[in-house]
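To start, the structure under review is shown below, and the notes come after it.
The values are calculated or read from the model by the stated rules, or taken from the named source; none is laboratory data. Predicted, not measured: the structure shown is a model, and the values here were computed from it. Please note: Cβ atoms are built from the backbone with ideal geometry, for glycine as well, and neighbour counts cover all protein chains shown.
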Amino acid sequence: MLGSYLKTSSRNLMRNKLFSFINIVGLAISMSVGLLLIAFIMDLYSYDKFHKHGDRIYRITHVATVNSELSGKFSTTSLKLGKLIRERVTGAEEVAIVHNDFSQDAQVGENILPIKGFWADPSLFKVFSFPMVAGNPETALKDPYSIVVTETAAQKLFGSANALGKVIQFDTIQYKVTGVMKDIPFFSHIHFEVLVSLSTAEQLNKNNNYEQWANKWANYVYLLLPKNAD
């Protein structure tokens, strides 16, 4: 019986070649698109799953308006807002503030290498699950001119030597390595090679409008909220 079905189907296909071709190609294209969409959605939902408190982490965004009309929604906000939330909002367990403009050449001895990273405060390690392999996450980003490097960055800069306590020079300023952390997983929405203490940026920019409301294009504020928070 199965053979009879196959013979009948093949005869119908040969008798209506154009119609059969359109159906088969259409089915193949639709299945391919469907599989791609499934893969794309699975890829999106796989990001940041490694964070212990991932379901309680929120990012503050801002909406820009021009003449009372919406001009765009952005993932950034001002440093000032992050600090005000930390001081006045009791519902947030932790507030992590990140500034994204650290991209400089690092000098260690005779070696000069381009390094990219963020300015961040100590709360970053309380909000996100970025494991440290050396140093204390509670204090690594506390003092000015302290820096935390990933394992790959430490290998690039210091080879097989222990990076903790070493000095990295950026331009004319020296930074002390206060921590070494594991490399950032691929499925992370933020990637960096180093983290520099936010207190350093505050000292370097204390005479300009670094913390003004208008400076909101390169700063990220993340909140760790309690379970079942509204």
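Out of contact with any Pro (no Cβ under 6 Å at 6 or more places or on another chain), part of a loop (DSSP other than H, G, I, E, B), in the same structural domain as residue 196 (by TED's automatic domain parsing) and without any contact (Cβ under 8 Å) to a residue 60 or more places away in the chain, is that true of residue 140?
Yes; evaluated as a whole, the condition is true for this residue.
Yes or no: residue 165 surrounded by fewer than 17 Cβ atoms within 10 Å (Cβ to Cβ), closer than 21 Å to residue 122 by Cβ and in the same structural domain as residue 108 (by TED's automatic domain parsing)? Criteria met by residue 165. In summary, residue 194 fulfils each of the numbered conditions (1) at pLDDT below 95; (2) closer than 16 Å to residue 135 by Cα; (3) surrounded by 13 or more Cβ atoms within 10 Å (Cβ to Cβ) with the single exception of condition (1).
Filter region 68-107 down to the residues that are under 30 Å from residue 158 (Cα atoms) and either in contact with a Leu (Cβ under 9 Å, 6 or more places away or on another chain) or without any contact (Cβ under 8 Å) to a residue 60 or more places away in the chain (or both) and list them by number. Step through it out loud before you land on a result.
Step one: list which residues in region 68-107 are under 30 Å from residue 158 (Cα atoms), which gives 96-107.
Matches in region 68-107: 96, 97, 98, 99, 102, 103, 105, 106, 107.
Tell me, please, whether a residue that is modelled with pLDDT under 95 and hydroxyl-bearing (Ser, Thr, Tyr) can be found in region 91-103. Yes, that holds for at least one residue.
Listed by first and then second residue, the pairs linking a residue in region 1-22 that is modelled with pLDDT of 70 or more to a residue that is surrounded by 11 or more Cβ atoms within 10 Å (Cβ to Cβ), with Cβ atoms under 7 Å apart and 6 or more places separating them unless they lie on different chains, are 20/13. Checked across region 126-144, the condition of being more than 19 Å from the chain's Cα centre (by Cα), acidic (Asp, Glu) and under 30 Å from residue 49 (Cβ atoms) holds for at least one residue. The set of residues from region 98-121 being of a type outside the set (Val, Ile, Thr) and within 22 Å of residue 75 (Cβ to Cβ) comprises 99, 100, 101, 102, 103, 116, 117, 118, 119, 120, 121.
Right, residue 125: assigned by TED's automatic domain parsing to the domain that holds residue 63, closer than 28 Å to residue 59 by Cβ and touching a helix residue (DSSP H, G or I) at 6+ places or on another chain (Cβ under 8 Å) or not? First the steps, then the outcome.
Working: assigned by TED's automatic domain parsing to the domain that holds residue 63: yes; closer than 28 Å to residue 59 by Cβ: yes; touching a helix residue (DSSP H, G or I) at 6+ places or on another chain (Cβ under 8 Å): no.
Criteria not met by residue 125.
Scanning region 211-224 for residues that are buried (at least 17 other Cβ atoms within 10 Å of the Cβ) and of a type in the set (A, V, I, L, M) turns up 221, 223, 224.
Each row is one residue, and each column tells you yes or no for (1) part of a loop (DSSP other than H, G, I, E, B); (2) in contact (Cβ under 8 Å) with a residue 60 or more places away in the chain; (3) not hydrophobic (A, V, I, L, M, F, W, C).
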{"residue": "179", "(1), (2), (3)": "no, no, yes"}
{"residue": "186", "(1), (2), (3)": "yes, no, no"}
{"residue": "190", "(1), (2), (3)": "yes, yes, no"}
{"residue": "209", "(1), (2), (3)": "yes, no, yes"}
{"residue": "215", "(1), (2), (3)": "yes, yes, yes"}
{"residue": "226", "(1), (2), (3)": "yes, yes, yes"}
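Restricting region 145-193 to residues that are small (Gly, Ala, Ser) and closer than 16 Å to residue 119 by Cβ leaves a set whose member that is farthest from the chain's Cα centre (by Cα) is 146. In region 43-75, of all residues being in contact with a Lys or Arg (Cβ under 9 Å, 6 or more places away or on another chain) and part of a helix (DSSP H, G or I), the one that is surrounded by the most Cβ atoms within 10 Å (Cβ to Cβ) corresponds to 56.
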